[in-house]
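K.L.:
Take this structure, written in structure tokens, and hold onto it; I'll ask about it next.
The values are calculated or read from the model by the stated rules, or taken from the named source; none is laboratory data. These numbers come from a predicted model, not from an experiment. In this analysis, Cβ positions are derived from the backbone assuming ideal geometry, glycine residues included, and neighbour counts consider all displayed protein chains.
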Amino acid sequence: FNVVPLLAASKLGLGPGQVGGLLALGSLLGLGASYPAGVLADRVGRKPIIVPSALLTAFAFLVYCWAPSMTWFGIACVLWGVAAAVNGAAPAAYAADNAQPGMNAAAMSGYRMLSDVGYVIGPILLGMVVDWKGAEVGLIAAAVLVGGVGLLFARFAPEQWRRGG
């Protein structure tokens, strides 16, 4: 995601204020979607939330990549902000749901550690791909990775959530 502002500036000629404003708009809409997404994850299960939000994230990366205008960049910001918000609570709840009795703290800390490793390694790898092949290829690679993980999760992850806990 760290390459998105650079791409907006170089490809679309957007200034820092425009990029920041559109990213903030996406984040604000994402904040508004966070609570309803958590409620929805409790009603329909975790997996039906995790998979579409991963695919929406991948789609948002592609829209960023191919956005022909500021409007499309703004649409990508909204898609990404909502996808990130929707995908916030459901994976954490999934980890807690699948923890062995008495192991919730270990499951949650393991989930958090893996997430944080991704936040450390992801920008480094994305930066290397961008240096090697350019921002568009970097975002396409990120989209393929996130979308692929979403599809693998859809296929192989068990849904053990039950209504009412």
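K.L.:
Quick one: which of W66, W80 is crowded, with 19+ Cβ neighbours inside 10 Å and either closer than 18 Å to K11 by Cβ or hydroxyl-bearing (S, T, Y) (or both)?
P.N.:
Residue meeting the stated conditions: W80.
K.L.:
For region 5-44, how many residues meet the condition of being under 18 Å from the mean Cα position of the chain (by Cα) and more than 19 Å from W66 (Cα to Cα)?
P.N.:
Residues flagged as under 18 Å from the mean Cα position of the chain (by Cα) and more than 19 Å from W66 (Cα to Cα) within region 5-44 amount to 16.
K.L.:
Among the residues of region 38-60, which ones are over 30 Å from E136 (Cα atoms) and in a helix (DSSP H, G or I)?
P.N.:
The answer is G38, V39, L40, A41, D42, R43, V44.
K.L.:
Which condition number in (1) of a type in the set (A, V, I, L, M, F, W, C); (2) buried (at least 18 other Cβ atoms within 10 Å of the Cβ); (3) at pLDDT below 90; (4) farther than 21 Å from L23 by Cβ is the one that A85 fails?
P.N.:
(4)
K.L.:
Tell me which residues, restricted to region 112-163, are small (G, A, S) and over 19 Å from A89 (Cα atoms).
P.N.:
Of everything in region 112-163, those that are small (G, A, S) and over 19 Å from A89 (Cα atoms) turn out to be G122, G127, G134, A135, G138, A141, A142, A143, G148.
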